[in-house]
Each structure stands twice: as C-alpha cells, then as structure tokens.
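**Student:** Before I ask anything, let me first share the structure, which is written out below as structure tokens.
The values are calculated or read from the model by the stated rules, or taken from the named source; none is laboratory data. Every value quoted in this text rests on a predicted model; they were computed, and no experiment measured them. Note: ideal-geometry Cβ built from the backbone for every residue, glycine included; neighbour counts use all protein chains shown. Each accessible area value is taken on the protein alone, full model and side chains, heavy atoms only, with ligands, DNA and RNA left out. Shrake-Rupley method; radii C 1.70, N 1.55, O 1.52, S 1.80 Å.
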Amino acid sequence: MLFNFFKIRTDDTELAAAVRIALIKALYSSHLSLVIGAATGLAISAMVSWYCPSPWIYACGAFISATALLRVLSFGMFKPGSADANAKVWGRIYETGAFAYALFVGQLTFLTFVITDDLRMQLVTAFTSTCYAAGATGRNTGRPLLALSQLLLCSLPLSIVPIIKPSLPTIFISIVNLLFIAVLIDLTLRTYKTVLDAFIDRQEKLRMATVYEHLSKTDPLTGIDNRSILKTNLDKLIEEARSRIAILWLDLDRFKQINDTLGHATGDAVLRTISHRLSIMHERGGRIARFGGDEFIVTLPVKDEAEAVATADELILAIRQPVTINNIQVDISGSIGISISDDDSDSDELLRHADVALYEAKAGGRNCVRLFDPEMERRLLENKQIERDLKKALANNEMEVHYQPVVDLHDFRIRGFEALLRWHHPTNGNVPPSLFIPISEGSHTIGPITEWVLMQSCMQAMKWPGDITVAVNISAVLLTDRTLPNIVSDTLLRSGLPPRRLHLEITETALLADDPDVRYVLDMLKRIGTSLSLDDFGTGFSSLSHLCRHRFDTIKIDRSFLNNVESRSESRAVIQAVSGLASSLDLTVVAEGIETFEQLQYVVKQGCSAGQGYFFAKPMPASAVLPYLSTADEELALFTKDEVIAGEANRKVKPRSRAA
Ligand code: C2E
Ligand code: MG
Ligand code: MG
C-alpha cells in the first residue's frame, strides 16, 4: 500500500496532458458536495465557538468559514470550457483550498478534545472530521495525492489526542481512527486505479476516433484531402460561396511511364512533390485534394473565367519545374480541365464538366489547360460513339489503306509509299485519321488496327516492282508493347516482304521518356531489319539524342514547316538545320507536304533527299498504285535536280493530276 502511495506521485506526472486536464475538471464538477461541505464547516465553527468559547477555537472557526467561502467562490468562477489553458492554476487553487479546509477541520477536532471537556462538541467535531475525511477521499479519488493528504490533515490530529490527554477512550478512538485512515487509504488507491484506467481508456478511444476520422478524410500518401471528403467540402463550399467556385482538375502527363521506368517509390515522391507545389493554392483560399492515381483537384473561389485560367496556367508552370529524386531529374507536365460554378451548379455537375474539359486538354496534346464549354460535352459524346463504331469498323470492312508516294529528290524516282489509313464510316462518311487515330489509341483498338494496316501494306508492297518500300505509321502507345516486334516479323514472314522494304514511322513524342520497353521494341525492330523513320520532326522536342540513341534511318520534316517556308524565316532555318544535320549523320531527310514547285525547289536546294506531298500525288487507293507507277517514273524523269534548282523544270512539266 505504501509503495502504491509513492508510485502515484510518478504516475501523476507521467499522465497525458489530456487525462490530467480531464481529472482537474472532474474536481470542479460536483458543486453540491462542496456547498454541503462548506455549509457544514460554517455551522460547526459557529456551534463549537458558541459552546466552547476560546480564542483558539474562534480563530480555527474563522479560518474554516473563510476557506469554505473562498472555495465556493472559486467554484463559481471556474469555467470548464476555457480551463484547458490554465488547468494547472485551477488545480493549485483547488488543492490549496482543500488542504487548508482539511487542516482547519482537523485542528478544530483536536482543539475541542485538548482544550475543552465538552463531550457533545467532541462528538460533533470527531464525527464531522471523520465524515469529511470519508467524503473528501471519495470525492477526490481522481487526484489521490490530494485526497490522501486531506485524509491525513483532517483525521490524523484526532489520533494524536491521547499523547496530550491520555485516557482509555481517547486511546481507543485514536486506534480506531488510525485503522479507519488505513482502510480509507487502501480504498482510495484501489478506486483511483480503476478510475484512472477508465479515464485513459476513454481518452484513448477518443484519440483513436479522431485519428480514424482524420484518416478517412486524408490521402495517406500526400496528406491532403482524399476523394471522399472532396465532395462533402465542395458541396459546402458551393452552398456558402459568395463568389464563383472554380474546379481545376489536374492530370499528370505520362505518369505511368515514370512509375514503370523509375519505380513506384519515385512515382510516390513525384506525387508528394506535386501536392506540395499545389499547396500554394491554400493562400488563395483554395483546397486541394487527390482524386486518386495521378489526378488532383483544386477548388478555389474566383472572380471570373480569366482568373481561373490564369491560375491553371500558373499551376502548369509550377508543375513543369523538374523534380530531382535520388539525384535523378524527372521531367513532369500536366493537363488541367476547368469548370466554374454559376448560380445553380451542383458539385456532381461541376466535377463532370471539369473532367470533360480535362479530356479535351489531354486530347489537345497534353501540358495544356481547357475551360469547359458545352460544345465539349457534345464532342465527347461523339468521340464515345466513334470509339464504339471503331470496334466494328475492321470487321465491317469500313477501313482502307491509301498510299502516298515518296519521291527521291536526286533522281526523281519513286522510292516508296506511305500507308495512310482511311475510314469510310457508314453514316458519317470519311472520318479523318487525325480524329479517329487518337481515339483508337485511347480505347485500345489501335493494336488490331495497326496489325491490319501492316498486313495490308506488306501484301500490297509485294505487288510493287523493284525495291519500292512501304512506310507504316506506328502509334506511340504501341511502342511500349513488347509483342510489337513479333507482330512485325510475323507479318513480314506471312507476306514475304523483305524487312528492308518496310519502313516504320514513329512520332517523336513516343521517345520523350527514356522507357526501357520503347528501347527494347525499337532495338528488336532494327534487328529484324526494318528501317525506322522519325515522323513529324520539329513538332515535338526535336532532340538529337533521340536520333542517335535509337539509330533512325530517316527524318521526316513535318509539313507545317513547308506550309510557310516562303513567309517564315524560322521555318526555313529549321529545314536548313535538319538537312545539314541529317547529311552529317548520314540520314535520309524526307520533306513532307510539298504542294508547290517553289516548295520543291526550296527543299531540293537545301539538300533534302526525298519529298512527299500533293505536288507529286495525293494518297491513293491500293488499286491506283500500279497504274500510277507505270506513268509516274516517266513523267518524273523529266525533272533533274539542276533544272529544279534553276526553276526550269516547272515550265517543262505539269505534275500529273493526283488521285483523291
Ligand atoms: P503523317 O504520318 O504525318 O502523314 C502525312 C499526312 O500528311 C497525311 O495525312 C497526308 O495525307 C498528309 N499530306 C501529305 N502530303 C500533303 C500535302 O501536300 N498537303 C497536305 N495538306 N497534306 C499532305 P492523313 O492521311 O490525314 O494522316 C494524318 C496522320 O494520321 C498521319 O500523319 C499519321 O500520323 C496518322 N495516320 C494515318 N494513318 C495511320 C495509321 O495507319 N496508323 C497510325 N498510327 N497513324 C496513322
Ligand atoms: Mg507518317
Ligand atoms: Mg508526318
């Protein structure tokens, strides 16, 4: 028991602050017991002073009364709601009052026994101090040090009486009183332990409830709001908003590649960095949430559309800053779709609109911002329809491959043809590849379509004379598919076309991330013996390292440069630089989109090795290729390089009218 008594001192200081505060508040919780105690104290003081007049008893009575009144006053002033900050002070006030009161009650009993012989008053004070001791220990079990000190201060003086006034009754009272004290100490310590365990248990439950609540609203990786709380917050925001609310839905471009090539730990670090960068929105009253995967949603009050777009542009810039993780620099970009609330918007609709705008942003080449407009929704529905129709297009024989000649600009002979897919939609008519190819890339129909184009093209090329090549476009999304080389070699085997006659055109964007799968696929395609062309050069990042790393054979300068070769010096500079570069790297340069003699003259002057464009012929159906070949060589033979440069060939030959 004694051990327990000392242990509670250390236990008490180690208690969690929240538990200690709760215990201190419990001291002030029962007003009634304190008021009864105080009233009893006042009554006893008055009664004993009346029956046993003595200055000591008067003084003791006065102290009891003053302490009782001050304690009642302190109870009146205690406000549980604001007590947390100065709980310690309130604890001290309570303790001082309790100690003083117990001390004076004990002294009054002692004095009544020592300086008077009034048995009635002795009975009254002994009874009072014993009752008080029992009451105080019961009441203050939550603060056992206090309770036991009160018990000793109030009860022990009665047990000392026989030292001054020895008699059989006082000795008997003293012993019984000591036993009573011992029993009360034991009871108090036991009760305290039970009370404390219950308190801690409750506090722990409360803490766990808070933790679980926090977790249910938070994204564990980034610590920002998660998807489930986003909607609740958004509903509230729309309801309370005084201004309009913008939703900025961000999707990181090609995040999967980062995850696949650099590992999930790096991917996680990137997501944390992005959420940190987005947190600048907090300063503008915005909230950020992770919608899942690589998607984040920023909600913020805005004045108008312009402000929302400007903020999104700012975020795009912030995201584009490279991230360095474990000494590896990771380039990231993102696309943002925006929707803005009006008077009767609801959160579901706003989120849907932002999602539609994001879809457009991604389709628009990524790394860009789109603000929702109702047209987008219509287009989206149309695209979904195209997506459904595409799945049936091959089986329904709606697809056809057209071929556009590529002309050697040294001897003006046909080198090969580029295979370009055509879709004759049963109700919409001809759908341009620039519309359906991106949709098929997004809906996984591009694989079977490419396989089909490859087979058609190889089989057609087998019918062409000599070494005429065929070039097939390969979508960026297929370059990560390690089965592509097998498909290509299988097609070559089945068609019988020698691999060197097959060119594969790849757009530069496919090579932006240095993906091991892409490297593997390109390497295997080279080993098979096919020739690789870098398509639409100049529209992407135009990186020389791509050319060297992947051993391309041909560069195709995008036709946008030829379009304005006469008017824009930048376009001329690009053509000049690429031709120079290609000849030093021993690459073939094909100028795409030659429409006029002047354009032809310009690219010949710059040393481009081949040309393609409406000037020679438009893409034509397979059946038109052989008739075209039979006359084209003859017609083109009228050109010579020198004459083209001198501008004479133009007068000599009118290019043939081209097939549709
Ligand atoms: P691309 O590979 O750069 O093909 C060249 C595009 O330029 C073709 O458009 C062609 O018709 C057009 N063109 C050629 N000469 C001229 C010219 O003098 N003036 C103008 N204005 N245009 C010219 P098309 O056939 O509409 O194809 C567009 C794009 O669609 C292609 O660009 C290619 O990226 C993609 N594509 C076409 N067929 C396929 C395919 O089978 N698979 C894949 N993955 N993509 C394809
Ligand atoms: Mg191409
Ligand atoms: Mg091209």
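**Student:** Considering the dipole of the chain built from charges on the beta carbon (Lys and Arg +1, Asp and Glu -1) around the Cα centre, which of Thr116, Ser569, Leu626 is farthest to its positive end?
**Tutor:** Final value for the positive-end residue is Thr116.
**Student:** How large is ³J(HN,Hα), in whole Hz, for each residue of segment 254-261 in order, when computed from phi with the Karplus curve 6.51 cos²θ - 1.76 cosθ + 1.60 and θ = phi - 60°, using x for Gly and Pro?
**Tutor:** 6, 5, 4, 5, 4, 4, 6, 8
**Student:** Continuing with the same structure: Nearest 10 degrees is fine. How inclined is helix 484-495 to the longest principal axis of the chain, computing both from alpha carbons?
**Tutor:** Orientation of helix 484-495: about 30 degrees from the principal axis.
**Student:** Under a Cβ-only charge scheme (Lys and Arg +1, Asp and Glu -1), can you give me the dipole magnitude of the chain about the Cα centre, in debye to the nearest 20? Please report the intermediate quantities before stating the final value.
**Tutor:** Working: 67 positive and 76 negative charges, 509 e Å.
It comes to approximately 2440 debye.
**Student:** At 0.36 nm per residue, and after removing the present C-alpha to C-alpha distance, how many nm does the segment from Val477 to Leu380 gain when stretched out fully? Each step should come with its number before you reach the end.
**Tutor:** Numbers: separation 97, 0.36 × 97 = 34.92 nm, distance 2.10 nm.
Net length gain for the segment: 32.8 nm.
**Student:** Hey, can you rank 29-41, 320-332, 243-255 by average C-beta count inside 10 Å, highest first?
**Tutor:** Working: 29-41: 15.5, 320-332: 12.5, 243-255: 22.5.
So the peptides 29-41, 320-332, 243-255, ranked by packing, come out 243-255, 29-41, 320-332.
**Student:** Moving on. Using alpha carbons only, how many degrees (0 to 90, rounded to 10) separate the axis of helix 622-636 from the longest principal axis of the chain?
**Tutor:** Around 60 degrees separate the two axes.
**Student:** Give me the Debye-computed log₁₀ of I(q)/I(0) at q = 0.10, 0.11, 0.15, 0.16 Å⁻¹ for segment 400-632, equal point scatterers on Cα only, no solvent, two decimals.
**Tutor:** At q = 0.10, 0.11, 0.15, 0.16 Å⁻¹ the computed log10 ratios are -0.44, -0.54, -1.06, -1.21.
**Student:** Sort 300-307, 475-482 by packing, meaning the average of other beta carbons within 10 Å per residue, with the highest value first. Intermediate values should be presented prior to the final figure.
**Tutor:** Numbers: 300-307: 15.4, 475-482: 17.9.
In decreasing order of mean packing, 300-307, 475-482 become 475-482, 300-307.
**Student:** Here is a further query. For the cross-link pairs Lys303/Lys362; Lys362/Lys618; Lys556/Lys605; Lys205/Lys236; Lys236/Lys303; Lys236/Lys384, which exceed 24 Å when the distance is taken from alpha carbon to alpha carbon? Please list the in-between numbers first.
**Tutor:** Working: Lys303/Lys362 26 Å; Lys362/Lys618 31 Å; Lys556/Lys605 17 Å; Lys205/Lys236 29 Å; Lys236/Lys303 19 Å; Lys236/Lys384 33 Å.
Pairs exceeding 24 Å: Lys303/Lys362; Lys362/Lys618; Lys205/Lys236; Lys236/Lys384.
**Student:** Can you pull the percent of Cα pairs in the chain with separation above 39 Å? Let's see the in-between values first.
**Tutor:** On the way: 126709 of 217470 pairs.
Across the chain, Cα pairs with separations above 39 Å total 58 percent.
**Student:** Which residues does the label zone of Asn86 cover in segment 24-55, counting backbone N under 20 Å from a point 7 Å along Cα→Cβ?
**Tutor:** 24-29
**Student:** Accessible area per residue of the chain at 1.4 Å probe, in Å²? If you can, show how the numbers build up before the last one.
**Tutor:** Details: 32470 Å² over 660 residues.
Value for the chain: 49 Å² per residue.
**Student:** Still on this structure, please answer the following. Sticking with the crude label model, points 7 Å out along Cα→Cβ, report the distance from Gln321 to Tyr614 in nm, one decimal please.
**Tutor:** Modelled inter-label distance: 4.7 nm.
**Student:** At what distance in nm do the modelled label points of Ser623 and Ser74 sit from each other, each positioned 7 Å from its Cα along Cα→Cβ?
**Tutor:** So the label points at Ser623 and Ser74 sit 10.8 nm apart.
**Student:** Right, something else. What's the ranking of 42-51, 103-112 by average number of surrounding C-beta atoms within 10 Å, highest first?
**Tutor:** Details: 42-51: 17.6, 103-112: 25.5.
Descending packing order for the listed peptides: 103-112, 42-51.
**Student:** Tell me the relative contact order for the chain as a rounded percent, counting alpha carbon contacts under 8 Å between residues six or more apart. Walk me through the numbers on the way to the answer.
**Tutor:** Details: 968 pairs, mean separation 49.9, N = 660.
Computed value for the chain: 8 percent relative contact order.
**Student:** Still on this model: Please report the carbon-and-sulfur percent of the accessible area for the chain; probe 1.4 Å, protein heavy atoms only, DNA, RNA and ligands left out. Please report the intermediate quantities before stating the final value.
**Tutor:** Values: 19010 of 32470 Å².
Whole-percent figure for carbon plus sulfur exposure: 59.
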